[in-house]
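Undergrad: My questions all concern the structure below.
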Amino acid sequence: MALASCTSENGAGDAVIGFGEAEYTFSEDQSGTNGYVRLPLTITGEPKSYPITFSVEAVMITDGTKADEGETTENALDNLVIFTQTEGLKYNGDPKSPACIEMYIVNDTELNGTRKFALTIKDVKGAEVGNASTVINIEDDDNPAYLNLVGEWTLTAYGLISEKEESFDVTITEGFTDAEIAANREECRLRCWGFAGEKGVYPNANRQHQAEWYLKCYKTSNDINIMIGNVMTTEAKFEVGTPYLHYATIAVSQIPVGTGEISFDSESLGISGLWYEDYNKITFTPNAGFGAIIAGNNTGTDYSITGYFMGDIYYNIVMTRK
């Protein structure tokens with residue numbers, strides 16, 4: 001990165017080199033540049049003489065996880081970015097050839113999420129160091145946008161039974177194991193954890209686990225659907241009179257307003273909705289109720305639907321990020 005030399009040795013000696021921003025964000029594909037990034041440095045003042053020389057160190061920032069089994073921090077960085085030069089960089093004082101760091105972002109086909117690494121200016125000669133470090137964010141171009149919905153949410157809706165506004169916490173996840181996450185990505189769905197609080201409206205209900213349900217998503221649109229016909233939990237203990245003490249299967253149901261009919265049709269699109277482009281709000285069609293029904297496995301009897309609801313039947317559903 002050598003530039004035209006300047007032989008003056010009469011500079012003020014007050015040159016400062018550093019990064020202009022604390023953080024930069026680039027896309028993995030860097031459309032139109034084949035992954036090439038030219039990150040300029042900021043230089044103020046002037047050295048006593050040129051060139052200003054420096055090196056740069058890159059360190060991967062991790063969250064304690066590894067993208068691949070056995071992957072180290074070093075090869076994670078090598079799989080993400082290739083630098084043209086990191087040592088012996090020079091700035092010769094020519095504004096047409098500013099000091100910069102050049103790199104190529106590796107565009108893979110894996111779903112990675114946003115990855116980060118830190119850059120630090122080191123071994124500077126001819127200048128003081130200002131902002132010595134910055135963070136580079138590399139956004140994955142392979143991830144479908146709906147994965148940005150993962151996080152903590154509050155579901156607010158009108159309760160048909162309570163006849164008032166109800167709300168409860170929901171965690172949207174990709175899944176709890178690598179195998180489950182892979183399967184959910186294949187099906188474009190998200191797993192939701194939490195329904196109607198810890199207990200339902202029945203005093204003898206003792207749910208050992210929060211009920212789970214799914215959102216069907218799409219790679220190319222912000223359409224979203226609450227999937228129906230899925231088992232939410234098999235560990236809800238209900239006492240509904242002797243001999244009806246049983247651990248029941250709770251399944252997601254759809255109850256269109258005014259019909260009084262309960263649907264478990266898992267082939268349907270479920271309860272349709274849209275997520276907002278800021279990923280902070282999801283709204284669903286107001287005329288479809290979202291409920292959880294006990295599908296019985298009573299001793300000596302096989303009830304496909306007993307008709308008991310967990311919590312309430314929820315209409316006018318809106319989810320907002322916490």
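Undergrad: Being closer than 30 Å to Tyr104 by Cα and out of contact with any Leu (no Cβ under 6 Å at 6 or more places or on another chain) is the filter here; which residues of region 139-173 pass it?
TA: Pass one, region 139-173, residues closer than 30 Å to Tyr104 by Cα: 139-150.
Of everything in region 139-173, those that are closer than 30 Å to Tyr104 by Cα and out of contact with any Leu (no Cβ under 6 Å at 6 or more places or on another chain) turn out to be Glu139, Asp140, Asp141, Pro144, Ala145, Tyr146, Leu147, Asn148, Leu149, Val150.
Undergrad: Could you pull out the residue among Tyr91, Tyr104 that is touching a strand residue (DSSP E or B) at 6+ places or on another chain (Cβ under 6 Å), farther than 30 Å from Pro144 by Cα and not small (Gly, Ala, Ser)?
TA: Tyr91
Matching residues to (1) surrounded by 15 or more Cβ atoms within 10 Å (Cβ to Cβ); (2) of a type in the set (Lys, Arg); (3) at pLDDT 75 or above; (4) under 19 Å from the mean Cα position of the chain (by Cα):
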residue	(1), (2), (3), (4)
Ala179	no, no, yes, yes
Arg189	yes, yes, yes, yes
Asn204	no, no, no, no
Gly229	yes, no, no, no
Thr234	no, no, no, no
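Undergrad: Considering only region 152-177, state which residues are within 19 Å of Arg321 (Cβ to Cβ), surrounded by 15 or more Cβ atoms within 10 Å (Cβ to Cβ) and not polar (S, T, N, Q).
TA: Trp153, Leu155, Ala157, Glu166, Phe168, Val170, Ile172, Glu174
Undergrad: Residues that are within 16 Å of Ile136 (Cβ to Cβ) and modelled with pLDDT under 90: find the strands (runs of 3 or more DSSP E) completely inside region 49-106 holding 1 or more of those.
TA: Once the strands (runs of 3 or more DSSP E) in region 49-106 are filtered for at least 1 residues that are within 16 Å of Ile136 (Cβ to Cβ) and modelled with pLDDT under 90, what remains is 52-61.
Undergrad: I need a count of the residues in region 264-308 that are of a type in the set (Phe, Trp, Tyr) and either modelled with pLDDT of 60 or more or in contact with a Lys or Arg (Cβ under 6 Å, 6 or more places away or on another chain) (or both).
TA: 5
The values are calculated or read from the model by the stated rules, or taken from the named source; none is laboratory data. Computed from a predicted structure; not experimentally measured. Cβ sites come from the backbone with ideal geometry, for glycine too, and all protein chains shown count toward neighbours.
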